[in-house]
Amino acid sequence: MKHLLKCLCTVLIAVLLITSAAAEVTLNTVFQYMPVIQTVAGTSYVIVESKKDNTRGLYNTAGQEIIPCTTVFLDYISNNFFTAYNDKESIDARALWTGDGRKVGDAIYGAFKVFNNHWVAAFIIDPEPVEDSVKDIKIGSKNYQYANIDLYYVTDGQTETIEPIATLEREAYADAAIHGDYIAITNREKAVSVYDSHFEPVDVTLDAANKPLYKIDKYQIVSLITKKALDDGYSEVAEVNLADRMLIRGNRVAMNGLKVSALLSPDGSIILPAEYQLIDITNRYVVVADLENQRGLYDLEEQRLVVPCVYSSILSSNTDIDKYVHNGYVCVEKDDRLGFYDIVNDVESCAPKYSKHAVTNIGCSLIFTSIEGYLSIVAGDGEVNVVDADVIVATRGNGYLLDAQKGTSYGLVDWHGNIILPLYHFKPITVTDDSNAIIRTSTGLQMDQIIR
């Protein structure tokens, strides 16, 4: 009875404080008293362990089931693919699932290689252990060879259990590399063959599976498949395989000797003109530099600069789904000082005036301690607020919500210093990578959906 009253009081206090906190943020509890709630880095998913039988399933941060709780283990591979199994040393009972809840083949595999959002190689393992010198894979403490390799090309239109497009014997597969919708496979004799997404052979000769399906011929980018020129004026060509598609990178040398690059689609459409140096390429954004090495951010969907090339650096984050844009803001650096650019309103919302050596960047927030000893938050919109806490703990998400610690207790504040959860919690609070939910400890684990 005492324990129940204590829990009820804790919930009541939290509700009252949340209601009196920043009006734009409320929390909706979707899980309580769970043994495990685990964020999946770079996604909007959480892995949850059932209270009934300790099996694990996948849910989104709104609490909707994606993959049912049916196995003891559920691991994220990459590119929205998950593997479910009951035994860590299993060689023939691992299942593959997509992040939208579709099962890929049967639970007969020992390992998987995910190339991107579409291409997957699934390995059927020969059960007879082999010597280390001839192994293809090590599972547990034993060495094995592949018996067969199933190849999958997964698309959004496949609604039933997804079947392989090809099954290869071990001798036919030593390695593979993708080229957008195409895959190049190296066999055990080191010969390379190229196939399309239906596993129809393509008449192309490659010395190695990872060599591009394009060449430079008289400064033109020419497709080895269609034999057609896509564009001209380039000295080098390379492929850029992103999560859901492939782009073609054409390089040329500018008048000052710097290498600038264009990004083209496989049909030859120019997505990014050859006006910039390419520093980093993500699925949507490209960090670029002009000929004076000033950096900005280019949006591949809108095909324009969303941050002008006037900065020495564009800061990245590995805690948010997006690497560079956090809650609509980009952290920028100029002369060793940090600020923010608002890409929604196309304006520098916070001039770079905070020494990068004195602040910590978490998404759309900068954290620093003032000369007077006050813990302060600089929000992406430029507002600065003092927080009644000792430290902001390393927090996942986009920086709009931050885990604050005072003494030995933890709570949650927003980027303007408003208290979202009181600093009464005895363990740190986790913000999900999509910044749509929090996970906290309260007689087990609890997940609350963020409503803004």
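The values are calculated or read from the model by the stated rules, or taken from the named source; none is laboratory data. Not measured: the values here are computed from a predicted model. Note: ideal-geometry Cβ built from the backbone for every residue, glycine included; neighbour counts use all protein chains shown. Heads up: the accessible areas ignore ligands, DNA and RNA and are worked out on the full protein's heavy atoms, side chains in. Shrake-Rupley method; radii C 1.70, N 1.55, O 1.52, S 1.80 Å.
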The lone exception for Val194 - which of (1) part of a loop (DSSP other than H, G, I, E, B); (2) buried (at least 17 other Cβ atoms within 10 Å of the Cβ) it fails: (1)
Failed criterion for Asp244 (all others in (1) out of contact with any Gly (no Cβ under 7 Å at 6 or more places or on another chain); (2) touching a residue at least 24 places away in the same chain (Cβ under 8 Å); (3) part of a strand (DSSP E or B) hold): (3)
Filtered residue count, segment 1-41, keeping only those that are under 29 Å from Val387 (Cβ atoms), open to solvent by 40 Å² or more (accessible area, probe 1.4 Å), of a type outside the set (Ser, Thr, Tyr) and modelled with pLDDT of 90 or more: 5
Subset of segment 371-411 [open to solvent by 40 Å² or more (accessible area, probe 1.4 Å), more than 14 Å from Thr430 (Cβ to Cβ) and not in a strand (DSSP E or B)]: Ile371, Glu372, Gly373, Tyr374, Asp381, Glu383, Asp388, Asp390, Gly407, Thr408
Lone unmet requirement of (1) among the hydrophobic types (A, V, I, L, M, F, W, C); (2) at pLDDT 95 or above; (3) open to solvent by 30 Å² or more (accessible area, probe 1.4 Å) for Val332: (3)
Enumeration of residues in segment 335-349 that are under 21 Å from Arg452 (Cβ atoms) and open to solvent by less than 20 Å² (accessible area, probe 1.4 Å): Phe340, Asp342
Given (1) free of Cβ contacts under 8 Å to residues at least 40 places away in the same chain; (2) surrounded by fewer than 18 Cβ atoms within 10 Å (Cβ to Cβ), index of the condition Asp136 fails: (2)
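Condition check ((1) at positive phi; (2) in contact (Cβ under 8 Å) with a residue 40 or more places away in the chain; (3) aliphatic (A, V, I, L, M)) across all residues:
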| site | (1), (2), (3) |
| --- | --- |
| Ile371 | no, no, yes |
| Glu383 | no, no, no |
| Gly407 | yes, no, no |
| Ile420 | no, yes, yes |
| Thr432 | no, yes, no |
| Thr441 | no, no, no |
Members of segment 358-370 that are surrounded by 17 or more Cβ atoms within 10 Å (Cβ to Cβ) and polar (S, T, N, Q): Asn361, Ser365
